[in-house]
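Reviewing the structure listed below.
The values are calculated or read from the model by the stated rules, or taken from the named source; none is laboratory data. All values derive from a computational prediction rather than experimental measurement. Using ideal geometry, Cβ is built from the backbone for each residue, glycine included, and neighbour counts are taken over all protein chains shown.
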């Protein structure tokens, strides 16, 4: 069993806290009550229009928000790990040298689509245009650099595919089924468990 370092213990605490907050959010939304935790931001400038949206949809959105927060946090953490590891091995040229061509091409196309549409690009780093599945492929292709970070290459692939599948409903504004909420919790725990 992998020893529980202070850093891993802190990560598990933060993720567990986010999951507990999510569960409290669900209970508040499901029972249309407030536990007066006051942790949510106000809608702000959209107050004139937001109340016009059907209450059931607003309630569903509130219950889905914590899942998005978990995914956002985890995906950003995984990207940072990939960047730190590959940049540490290759320096500034890591994207061209260490990322599979198909992933580079698709990320750069997505980045260019944002530039061409006139919106503010989400990032100047192409890796921020990748998803869990692609991040898993990058880790797999560079296993020689990640084998000290993770206990099993197959486990990384399995967890990343699970996260990528779970990402769909969240990214496309659909509610997660109760079983998938459990699967999300387990996948997040698995992610930290497979780290050496």
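Hey, which of the helices (runs of 4 or more DSSP H) in segment 118-196, taking only ones fully inside, have at least 1 residues that are at pLDDT below 95? If you could, list the steps in order and put the result at the bottom.
Values: elements: 132-141, 143-146, 153-171, 178-193.
By residue number, 132-141, 153-171, 178-193.
Does segment 34-59 hold any residues that are modelled with pLDDT of 75 or more, surrounded by fewer than 10 Cβ atoms within 10 Å (Cβ to Cβ) and assigned to a loop (DSSP other than H, G, I, E, B), and which are they? Before the answer, list the steps.
The initial filter retains those residues of segment 34-59 that are modelled with pLDDT of 75 or more, namely 52-59.
Of the ones still in play, those that are also surrounded by fewer than 10 Cβ atoms within 10 Å (Cβ to Cβ) are 52, 54-56.
Correct list: 54 only.
Looking only at residues that are assigned to a helix (DSSP H, G or I) and in contact with a helix residue (DSSP H, G or I) (Cβ under 8 Å, 6 or more places away or on another chain) in segment 24-33, which one is surrounded by the fewest Cβ atoms within 10 Å (Cβ to Cβ)?
We begin by selecting, within segment 24-33, every residue assigned to a helix (DSSP H, G or I); these are 24-30.
Cutting the leftovers down to in contact with a helix residue (DSSP H, G or I) (Cβ under 8 Å, 6 or more places away or on another chain) gives us 25-26, 28-30.
Details: 25: 21, 26: 17, 28: 18, 29: 17, 30: 10.
The residue in question is 30.
Mind listing whichever residues of segment 77-114 are loosely packed, with under 11 Cβ neighbours inside 10 Å and closer than 14 Å to residue 128 by Cβ?
none
Just to be sure before I move on: is residue 75 over 27 Å from residue 176 (Cβ atoms), assigned to a helix (DSSP H, G or I) and either touching a helix residue (DSSP H, G or I) at 6+ places or on another chain (Cβ under 9 Å) or at pLDDT 95 or above (or both) in the structure I sent? Quick ask: steps written out before the conclusion?
On the way: over 27 Å from residue 176 (Cβ atoms): no; assigned to a helix (DSSP H, G or I): yes; either touching a helix residue (DSSP H, G or I) at 6+ places or on another chain (Cβ under 9 Å) or at pLDDT 95 or above (or both): yes.
Judged against the criteria, residue 75 is not a match.
Surrounded by 12 or more Cβ atoms within 10 Å (Cβ to Cβ) and more than 14 Å from the chain's Cα centre (by Cα), is that true of residue 170?
Numbers: surrounded by 12 or more Cβ atoms within 10 Å (Cβ to Cβ): yes; more than 14 Å from the chain's Cα centre (by Cα): no.
Considered against the rule, which asks whether it is surrounded by 12 or more Cβ atoms within 10 Å (Cβ to Cβ) and more than 14 Å from the chain's Cα centre (by Cα), residue 170 comes out as no.
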